[in-house]
Structures are given as structure tokens and as C-alpha cells.
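Undergrad: Here it is, the structure in full.
The values are calculated or read from the model by the stated rules, or taken from the named source; none is laboratory data. This is a predicted model, so every value here is computed, not measured. Every residue, glycine among them, receives a Cβ derived from its backbone with ideal geometry; neighbour counts consider all protein chains shown. Each accessible area value is taken on the protein alone, full model and side chains, heavy atoms only, with ligands, DNA and RNA left out. Shrake-Rupley method; radii C 1.70, N 1.55, O 1.52, S 1.80 Å.
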Amino acid sequence: TISNATNEAEACIDGASITLTFGFYLNSCPEAEPIVFSWIEKAVSDDPRMAASLLRLHFHDCFVNARTLLFIYSLNLLLDDTPTFVGEKTAAPNANSLRGFEVIDAIKADLEYVCPQTVSCADILAIAARDSVVLSGGPGWEVQMGRKDSLSASKTAANNNIPGPNSNEPTLVANFQSVGLSLQDMVALSGAHTMGKARCSTFSARINGSNIANSPDINLEFLQSLQQLCSESDASTTLVDLDHMTPATFDNQYYFNLLSGEGLLGSDQALVTGNNLTRRVVGSYVDDMGIFFEDFKRAMLKMGSLTSGEGGEIRRNCRAINQDHS
Ligand code: HEM
Ligand SMILES: [Ca+2]
């Protein structure tokens, strides 16, 4: 098994450091970006939530690798568990929650046909995240590429590094800072919760029983509607929009919601309770959507570059390490 930290280091100790570049596939696979775009376009028109799910995949991919710093570059998320390999898909923040693997598989299969073993899965995720934002009404930006897919995955790292939905503001700031992302980056990237859904179980601490005392800033009508929605069936499967006003549009409505006590997750509402610095950034995004878009683009480029590092391969199938290595 290569599921523990020691083996990750061994697996990825060689290889030269690589920086990401714009136009990376211009010669080797000029069709790469248009092909990804047309798949995402179809996937999002079939299922608008898919845009959110693909954006989130890129976030998780970047975060886990950046934090472990041992086997960077990469795509650990898509690795399926095998009897001898424990990947990240079953780590607590990911289980029954991450979606979009089938879309990535389809894109990869298409690209393998057009340009065999050229475009990494991690780069596909980065393009897919950008296209998902664009197709939902958000800003576009040029994606830096040249990532490689990792030769390992870490369930422990996924459990430890992805921040939890009940995180308070100091924890969120510290968590992002530990991978080199600023407070402002953190507030901008949290704006991704302008689309997509969360399971009731991820915010039950905010709406249930005595815990309500922990959410003094929650809007009462909003609280009641959540209690209603979440009581209807199983909290681990019932889904609620992260932004109940414009759930499928990439806009700055998320920040308006925070100011009116309608942030869904504890970690959302935490951005306006207790800290003037994060609250001031939220205020600037409420005042001007253009500032949010600019900061979001810059933070996405920064977050996307966390995956650059050492070692790795161009996976042929995003769900498995190439056979020649294992
Ligand atoms: C700030 C810390 C963050 C926390 C604590 C957090 C937590 C969560 C949780 C608990 C969910 C719901 C998962 C479920 O119920 O299955 C979620 C969904 C989502 N997150 Fe975050 N997240 C954070 C940051 C981010 C970032 C940086 C991005 C992207 C740039 C992002 C994008 C999304 C999207 C788009 C969804 C909806 C996915 C879907 O509908 O499939 N999140 N997040
Ligand atoms: Ca929205």
C-alpha cells in the first residue's frame, strides 16, 4: 500500500520542479481546451449542478496535494480504492459527496484518442473548473497548465487538509495560509459557494437543538426553512442550495446572503461574524461584483498553482496510476 506519508515521499522524491505555464498544450494538443469545453457545456446543460461539482473537484485536488507537499502535482482524488490502495475518495470530506468523476472520465477518454498521454488529469480538472464558472455566468481566465498526475494518494491528508464545514474564521484563515493563500484569497474562493448544494448533515450543527446557540447570527426565517427542509428525510442525503437565491449562477449573491444571516455552512457565516478583516472583504464584494470576480480569478490561479511540484506522470486513466509504475 502507498497510503501512508512515508511511502508518498519515497514514491515522489525524484523529478525536477516544474512551473505551470499558459498555452502549455498549444503545440502538443491544441484541441485540448475546446474539447474539454464542449464536454463541460454538455454536462452542465444536462445537469446545472455539475458546474459546482467540477469546480469543487479542482479545489480538493489542489488542497490535498499542496498540504502534503511531498507528492504535489496531481490528481489523487480520482484514484479508486483497490484492495491494496486506499485513495481519497472515501476520506470524510469526500465520501458520498464529490461528483463529476464520470465527466472527467469521458473527457480523458476523448483526449487520449486525440492526443494520447499528453494532457494530465489535473490539468483537465483545472480547465473544467474554469469552464464551469464561465458557463454559470462567472468570469473567464486563462488557465496555467503543465501539471502532472500524482503517483500516490493520501486519505489522511484529505481528512486533515480540507477544512470542515463547522470551521471558525481563525481556523479557515490558518488553513488557507498554511498552503500560501491569504485571508482575501480565502474569502474570494469561498464565493464558489454561490452555486451547488450541501447535504443537511454538513450544517446540522447550525440548525439543531441546543446548537442553535452557536449560530447567533442566523436569520430566523432562514433557520426555520432549513429545519423544515432537513426534517423531511435523511439528513445525510437531503440536499440544500448553498446560495438559496441564485443557486446555479456564479455571482456575488453569496456575500449578500452572509450579511443577512443566510450563509448555509458554519464556515460561510463565519466570514462575517467576529472578524473585521474578513467582513470587510465580504463588504467589498457586496458593493462591487467586479472586485469579487477579479479577486476570484487571481485566487483560482494561485490555488491552481499549488499543484505544481515534483514527479508525477500523465495518467492514461484518471482513476488509476499507470500500470508501468505500480
Ligand atoms: C473555505 C472552506 C470551505 C469549506 C469548509 C467547504 C465546505 C463544503 C461543504 C461541506 C460542501 C457540501 C458538501 C456536501 O454536502 O456533500 C461544499 C460544497 C461545495 N464547495 Fe466548498 N468548502 C470550502 C471552500 C470551497 C472552495 C475554495 C471551493 C472552490 C473554489 C468550493 C466549492 C464548492 C462547491 C462548488 C460546492 C458544491 C458542490 C456540488 O454541488 O456538488 N468550496 N463545500
Ligand atoms: Ca449564486
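Undergrad: Using per-residue counts of other Cβ atoms within 10 Å, averaged over each peptide, order 242-254, 47-59 from highest down.
TA: Result, highest mean first: 47-59, 242-254.
Undergrad: Go through segment 245-253 residue by residue and turn each phi into a ³J(HN,Hα) via Karplus (6.51, -1.76, 1.60, θ = phi - 60°); whole Hz please, and just put x for glycine and proline.
TA: Whole-Hz 3J(HN,Hα) from phi for segment 245-253: 7, 10, x, 10, 10, 7, 9, 9, 4.
Undergrad: Can I ask one more? What is the distance, in nm, between label points placed 7 Å from the Cα along the Cα-to-Cβ direction at Glu294 and at Ser167?
TA: Result: 2.6 nm between the two label points.
Undergrad: I've got another one for you. Can you tell me the accessible area per residue over segment 196-294, all protein chains present, probe 1.4 angstrom, in square angstrom?
TA: On the way: 4590 Å² over 99 residues.
Accessible surface, normalised per residue, equals 46 Å².
Undergrad: Of the heavy-atom accessible surface of segment 174-307 (probe 1.4 angstrom), what whole percent is carbon and sulfur?
TA: About 52 percent, which is the carbon plus sulfur part of the accessible surface.
Undergrad: Measure off 7 Å from each Cα along the Cα-to-Cβ vector at Asp324 and Gln177, then give the distance between these two points in nanometres to one decimal.
TA: 4.4
Undergrad: What ³J(HN,Hα) values, in whole Hz, does the Karplus curve 6.51 cos²θ - 1.76 cosθ + 1.60 give for segment 33-44 when θ = phi - 60°, with x put for Gly and Pro?
TA: 5, x, 5, 4, 4, 5, 5, 5, 4, 5, 4, 6
Undergrad: Say R0 is 35 Å: what FRET efficiency, to the nearest 0.05, do Gln227 and Glu142 get from their beta-carbon distance?
TA: Result of the calculation: an efficiency of 0.20.
Undergrad: Need one number: nm distance between label points at Leu259 and Ala106, each 7 Å from Cα along Cα→Cβ, rounded to one decimal.
TA: So the label points at Leu259 and Ala106 sit 3.9 nm apart.
Undergrad: FRET efficiency for Thr19 and Lys42, Cβ-Cβ distance as r, R0 = 51 Å, nearest 0.05?
TA: 0.95
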